[in-house]
There are 2 protein chains.
Amino acid sequence: MFESAEIGHRIDRKDYKQREPELRAALLDAQYALLAQAKRPLVILVNGVDGAGKGETVNLFNEWMDPRHIRTEAFGPWSEDERQRPEMFRFWQVLPAKGRIGILFGSWYTDPILAHVMGQEKKARFGQRLEEIRQFERMLVAEGTVLVKFWFHLSKPAARDRFRMLERDPKNAWRVTKDDWERFKHYDEFITVCEHALRKTSTGEAPWLVVEGADPAYRSLTAGQHLLHALQAAVGEAPKADAAAVAVPPAAIDGKTLLASFDYTRALPRKKYENELESLQARLANLSRDPRLARHSLVVVFEGMDAGGKGSTIRRVTQALDARHYRVVPVAAPTDEERAQPYLWRFWRHVPRLGHTAIFDRSWYGRVLVERVEKFCSEADWMRGYDEINSFEEQLARAGAIVVKFWMAITPDEQLRRFEERKATPHKHFKITDEDWRNRKKWPLYERAVGDMVDRTSSDVAPWHIVGSDDKLFSRIEVLRHLCERIEVTIGNGAHQGRK
Amino acid sequence: MFESAEIGHRIDRKDYKQREPELRAALLDAQYALLAQAKRPLVILVNGVDGAGKGETVNLFNEWMDPRHIRTEAFGPWSEDERQRPEMFRFWQVLPAKGRIGILFGSWYTDPILAHVMGQEKKARFGQRLEEIRQFERMLVAEGTVLVKFWFHLSKPAARDRFRMLERDPKNAWRVTKDDWERFKHYDEFITVCEHALRKTSTGEAPWLVVEGADPAYRSLTAGQHLLHALQAAVGEAPKADAAAVAVPPAAIDGKTLLASFDYTRALPRKKYENELESLQARLANLSRDPRLARHSLVVVFEGMDAGGKGSTIRRVTQALDARHYRVVPVAAPTDEERAQPYLWRFWRHVPRLGHTAIFDRSWYGRVLVERVEKFCSEADWMRGYDEINSFEEQLARAGAIVVKFWMAITPDEQLRRFEERKATPHKHFKITDEDWRNRKKWPLYERAVGDMVDRTSSDVAPWHIVGSDDKLFSRIEVLRHLCERIEVTIGNGAHQGRK
């Protein structure tokens, strides 16, 4: 969930000063429109990492808008009175009325997450509570509530830096307590649990908005933009939200994306490549014949911009495999038969049995990439797609599949170079079409879609591997190594026992 | 879930013969329209009690419609091939294409229910699987699938009768196996688990349709009507289902309702009433002061037709309680403030703390009674209401509340008598308004709504008690006795330990 919020988003102070008054005026306008219509309440959840600017943002929202129509609630330990009622009682008491704004500082997520991190509640109960939250939020949205869920994030080094910086500043030193440092020690466990909670509750109708918190200017403007976006969607709409009326979060205001922030300079000399290729292919060949792997299947996904090197990499992988046990599934436009079925049907057909490998050359991620960018489906469709994909991959993993996903990342310059080369090389002509040139023009849209995709579908059981592929030799080796490592880790952890 | 399917629904063979050809023709028309539009697939799930006519209905559907466009699938033990993939794999393989009909005889419910009944899977895992089913079905509906979920039901005595009857008939004796009788021994456990599964997965967008299976004519016509209804809704609609396009199940074709089938003749002589009243009020007074009850709260709901005796019964209850510890919450039209909030908000405000009692004179059931009948909310709103109410009451129970719900059931004749009496008695004038007369005209609509309500919201933790109230004395005693018994059972089972 946090990949795009660890790339050092920031904007100039000057830029902030220029844009802030406009944002502020627009927010105030939208707030009054919400109030005048009095048809929908707005609930803002403020959650995140300590030190990521939650408090500052809450204050800012109150400053930017008319605080008379905003009710900010912070939740401490349960009072005796609250403890004697169902958990959700305290939240029901503070829901804002139609037309009004409620800012919940800490929310219905805080307690389940802490109880699980502290080991007071096991995974099953945690899952159940997240499920109850999904249903609760679904009800709120069906009843017309606009729900904006903020997660303010800091990477581990950024969190450490932030605490140190505050401590050095006499005016702010009080903000950092011993408890903060104590909690910081558990950063990794905490983030793992939060990441799971966010992924499980990031639904089409109430997605999480993750905001990188390190740079105050970026954080404030971004949070304000998200809020404005949701508010404007709310006041422009019918009184009741419907499934199709999802407010898609706007692009990052500093224009920085996960892909653009990636290091594309890594390369490998051919000699070294050849040695490594040989040894990795041997390693993979052995692994693929390891009896422990017979109780698993292998599902490998290749995605990437055109000319990212998917095909040639797949060949390097399959060279190590036994043709009786793998299948490459090239995914192009759906057939008529596939079009007559729910979206994921065409991929379920190719789910391999245990001991077998399916390699997808493009995949179900088309839903949140090409279908999103080309508007082949509605916003609501691809917004719910993340959740459906996560569920699909979880089911695969639970049934014994090792799910490995690669994004073959290249720069626009390298793509252009490869396109030109294809044009100039007769036997590569077939590899370049007008459509490739058209897609290239939509690079920024794809880049944004890829960022959202990685954020929302990189999970413990099916993480994304972004592979810098400007150098083909480097990327092939990376892919082979990753693949071997994922297999080794999984079979090393004991073979899957099958479903029954 | 099964209350309305245990009241002996039946129709004449003659009536059946008259109505069947028309139904059949309409079904065929609708099937062809579905096929011609080729926009939505129809999935029919066939589940239920052994002997309730599942197989017969599946055959009939194939006979009534054009079987070339229907694919019927039965699911036996998992094949080796299926076992090596995720559970849902086998179901994905047989989903019908747009325009087509798939009948799934046994379904994604069968395995979770059996695994839990057999004790192979614990409650937590069972809950998780039901949750996955909810999400899967939600995806199907979002993708345009029309989902018709049938449960064919037989009460325990009806199941026994049915087996015996089949055995006596040489032509059908083969249908009853030793296994059937073996399974019949576990009828109660099986039904408890199924009831839970159905309630948990009866959502606004994919509600269960429970059909009483004892009378073949009733069963067949009812199933056919349900199917026709769903088909017609599907072909009249936009290609994608939206939350508001729920097909509300039609009324029972024999006109028989849960309320109309109730025994209203029970009465109590005044002398006996007075003795019992005294002793029950004393019992309740003692219970309400029992220290074990201090770790619980008591939430009592009174619903019923106008003049059902709610008010006078509530007084008999409160006479036994300490005024410092109970509150009667009369529920009328919502205030402005309440109208500006999600529907359940006005009830959450009155959730009592531990050791306290809240008595609701009408309640959150207004959503599925008056709001449904008077069309104060959309169909989608009250259809999702059952689920939201179940979740609300579960939360109450989990936090220590004893939830007791009474439906004060009177006949239309008795209501009329009471209305006339109120009109004729000066000091009762205020109790009768024009609205009461208007509501009375809608008796059949309310009767149907009450049947659905009891079916869909009577749960282990919050069962409905239908109390025959034509005789006021009898009904007051019934209510007091029930209330005492529920409290005794609960505190006898050990006091609730509070949330934390």
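The values are calculated or read from the model by the stated rules, or taken from the named source; none is laboratory data. Because the structure is predicted, anything quoted here is derived from the model rather than measured. Don't worry about glycine lacking a Cβ; one is built from the backbone with ideal geometry, like all the others, and counts go over all protein chains shown. Heavy atoms of the whole protein, side chains included, go into the accessibility calculation; ligands, DNA and RNA do not. Shrake-Rupley method; radii C 1.70, N 1.55, O 1.52, S 1.80 Å.
A few points about this structure:
- Some residue of segment A:73-92 being of a type in the set (A, V, I, L, M), within 26 Å of the chain's Cα centre (by Cα) and away from every other protein chain (no Cβ under 14 Å): no
- Filter pass, residue B:14 being out of contact with any strand residue (DSSP E or B) (no Cβ under 6 Å at 6 or more places or on another chain) and either among the basic types (Lys, Arg) or within 21 Å of residue B:230 (Cβ to Cβ) (or both): yes
- From the list B:149, B:98, the lone residue that is facing chain A (nearest Cβ under 9 Å), of a type in the set (Lys, Arg) and not in a helix (DSSP H, G or I) is B:98.
- The combined condition, being modelled with pLDDT of 95 or more, in the same structural domain as residue A:468 (by TED's automatic domain parsing) and surrounded by fewer than 16 Cβ atoms within 10 Å (Cβ to Cβ), is not fulfilled by residue A:323.
- Some residue of segment A:105-115 being away from chain B (no Cβ under 14 Å), closer than 30 Å to residue A:236 by Cα and touching a Ser or Thr at 6+ places or on another chain (Cβ under 6 Å): no
- Selected residue (criterion: nearest to residue B:310 (Cα to Cα)) from residues of segment B:323-363 that are away from chain A (no Cβ under 14 Å) and among the small types (Gly, Ala, Ser): B:363
- Answer residue from segment A:157-175, given it is among the charged types (D, E, K, R) and within 24 Å of residue A:2 (Cα to Cα) and is farthest from the chain's Cα centre (by Cα) among those: A:164
- Filter result for residue B:58 (open to solvent by less than 40 Å² (accessible area, probe 1.4 Å), within 14 Å of chain A (Cβ to nearest Cβ) and at pLDDT 90 or above): no
- So residue A:77, is it in a helix (DSSP H, G or I) and surrounded by fewer than 16 Cβ atoms within 10 Å (Cβ to Cβ): no
- Restricting attention to segment A:364-390, the residues that are outside any helix (DSSP H, G or I) and either polar (S, T, N, Q) or within 11 Å of another protein chain (Cβ to nearest Cβ) (or both) add up to 2.
- Complete set of residues in segment A:124-151 that are among the polar types (S, T, N, Q) and crowded, with 19+ Cβ neighbours inside 10 Å: A:145
- Residue pairs meeting the criteria (Cβ under 7 Å; at least 6 apart or on separate chains; first touching a residue at least 24 places away in the same chain (Cβ under 8 Å), in segment A:310-324; second surrounded by 12 or more Cβ atoms within 10 Å (Cβ to Cβ) and among the basic types (Lys, Arg)): A:312/A:472; A:313/A:476; A:316/A:476
- Any chance residue A:450 is assigned by TED's automatic domain parsing to the domain that holds residue A:277 and either surrounded by fewer than 20 Cβ atoms within 10 Å (Cβ to Cβ) or more than 27 Å from residue A:274 (Cα to Cα) (or both): yes
- Residues of segment B:413-431 satisfying the condition of being open to solvent by less than 50 Å² (accessible area, probe 1.4 Å) and not hydrophobic (A, V, I, L, M, F, W, C): B:414, B:415, B:418, B:422, B:425
- Selection status of residue B:199, in contact (Cβ under 8 Å) with a residue 40 or more places away in the chain and away from chain A (no Cβ under 14 Å): no
- Tally of residues being open to solvent by 10 Å² or more (accessible area, probe 1.4 Å) and within 14 Å of another protein chain (Cβ to nearest Cβ) across segment A:37-54: 4
- Against the conditions (1) open to solvent by less than 60 Å² (accessible area, probe 1.4 Å); (2) within 20 Å of residue B:85 (Cα to Cα); (3) in contact with an Asp or Glu (Cβ under 9 Å, 6 or more places away or on another chain), residue A:352 satisfies every one except (3).
- Positions within segment A:294-313 being within 14 Å of chain B (Cβ to nearest Cβ), surrounded by 23 or more Cβ atoms within 10 Å (Cβ to Cβ) and of a type in the set (A, V, I, L, M, F, W, C), in sequence order: A:298, A:299
- Residues in segment A:391-412 that are open to solvent by 20 Å² or more (accessible area, probe 1.4 Å) and outside any loop (DSSP other than H, G, I, E, B) were compared, and the one that is farthest from the other protein chains (Cβ to nearest Cβ) is A:412.
- Residue, surrounded by the fewest Cβ atoms within 10 Å (Cβ to Cβ), within segment A:101-114, restricted to residues that are in a helix (DSSP H, G or I) and touching a residue at least 12 places away in the same chain (Cβ under 8 Å): A:110
- A count restricted to segment A:1-34 and to residues that are surrounded by fewer than 18 Cβ atoms within 10 Å (Cβ to Cβ) and not in a helix (DSSP H, G or I) stands at 3.
- Scan of segment A:81-96 for residues that are open to solvent by 30 Å² or more (accessible area, probe 1.4 Å) and closer than 22 Å to residue A:144 by Cβ, ordered by number: A:93
- All of A:418, A:353 fail the test of being in contact (Cβ under 8 Å) with a residue 40 or more places away in the chain and in a loop (DSSP other than H, G, I, E, B), apart from A:353.
- If the condition is being touching a residue at least 60 places away in the same chain (Cβ under 8 Å) and of a type in the set (A, V, I, L, M, F, W, C), then segment B:38-93 contributes B:38, B:42, B:43, B:44, B:45, B:46, B:49, B:52, B:60, B:61, B:64.
- Count of residues meeting criterion [closer than 16 Å to residue A:55 by Cβ and open to solvent by less than 50 Å² (accessible area, probe 1.4 Å)] in segment A:170-194: 4
- Look at (1) modelled with pLDDT under 90; (2) open to solvent by less than 20 Å² (accessible area, probe 1.4 Å); (3) within 14 Å of another protein chain (Cβ to nearest Cβ) and you find that residue A:118 fails only one, number (2).
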